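Only one structure is covered here, and it is reproduced in the block below.
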Amino acid sequence: MQLLGDALALAEPGGFIRIFVDEGLPMAHLLSAAVAHGRMPDYIGKLLSAFEAEKQKREDTSYPSPAQSLIEPLSRREVEVLQLIAQGLSNQEISERLFLALDTVKGHNRKIFDKLQVQRRTEAVARARELGLL
């Protein structure tokens, strides 16, 4: 609880909210416990309100977004490779840009294609745009 108190003390002057909200429900529980102990009620109240607004927003969106329809989401690196594919870079150019071995780039391509359920680079880009990933 002391660590949370320290984090709150550092975050309050800057008005940081998203950093706590992005941690999800476990953080909301910790903040509720902290406010119950009388710690920083004004700031924690703002944070808990942000959690509530986030929850409401999720409930209002009852249908999943297209990107959520992926069985397995793309990793950060896969999205990075996909963005470079969309820019028209070759595997060799992607390899040089990201400082990766050519075989590693090809491996990322295979995983991207599998996750997007496509066969070609152009299909991957089109599917990613359709899903809002690009």
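Once Rh is set to the Kirkwood radius over Cα pairs, what Stokes-Einstein translational diffusion coefficient, in µm²/s, holds for the range 81-128 at a temperature of 4 °C and a viscosity of 1.567 mPa s?
Here the translational diffusion coefficient equals 123 µm²/s.
Give the accessible surface of the range 65-134 per residue, rounded to a whole number of Å², with probe radius 1.4 Å and ligands, DNA and RNA excluded.
With the other protein chains kept in place, the range 65-134 gives 64 Å² per residue.
Taking Lys115 as the anchor, which lysines have their alpha carbon closer than 23 Å to its alpha carbon, excluding any fewer than eight residues away along the same chain?
Filter leaves Lys106.
Do the sum for the chain: with -39,500 (n - 2.57) for every DSSP H run of n ≥ 4, divided by all residues, what is the mean residue ellipticity at 222 nm, to the nearest 500 deg cm²/dmol?
Dividing the helical sum by the residues of the chain leaves -20500 deg cm²/dmol.
What's the carbon and sulfur percent of the chain's accessible surface, probe 1.4 angstrom, rounded to a whole number?
54 percent
To the nearest 0.05, what FRET efficiency results for Glu12 and His37 with a Förster distance of 22 Å applied to their C-beta separation?
That gives a FRET efficiency of 0.85.
Identify all lysines with a Cα-Cα distance to Lys55 below 25 Å; exclude those on the same chain that are fewer than 8 residues away in sequence.
Partners found: Lys46.
Read through the labelled values [x] 1.25; [y] 1.46; [z] 1.01 and report the label of the one computed as Cα Rg over 2.2 N^0.38 Å from the structure.
Structure-derived value, by its label: [y].
Would you kindly state how much longer the chain becomes between Arg97 and Glu130 on full extension, computed as 0.36 nm times their sequence separation minus their alpha carbon distance, in nm to one decimal?
Computed gain between Arg97 and Glu130 is 9.3 nm.
The values are calculated or read from the model by the stated rules, or taken from the named source; none is laboratory data. Predicted model only: the values in this text are computed from it and were never measured. In this analysis, Cβ positions are derived from the backbone assuming ideal geometry, glycine residues included, and neighbour counts consider all displayed protein chains. Just the protein is used for accessible areas: all its heavy atoms, side chains included, with ligands, DNA and RNA removed. Shrake-Rupley method; radii C 1.70, N 1.55, O 1.52, S 1.80 Å.
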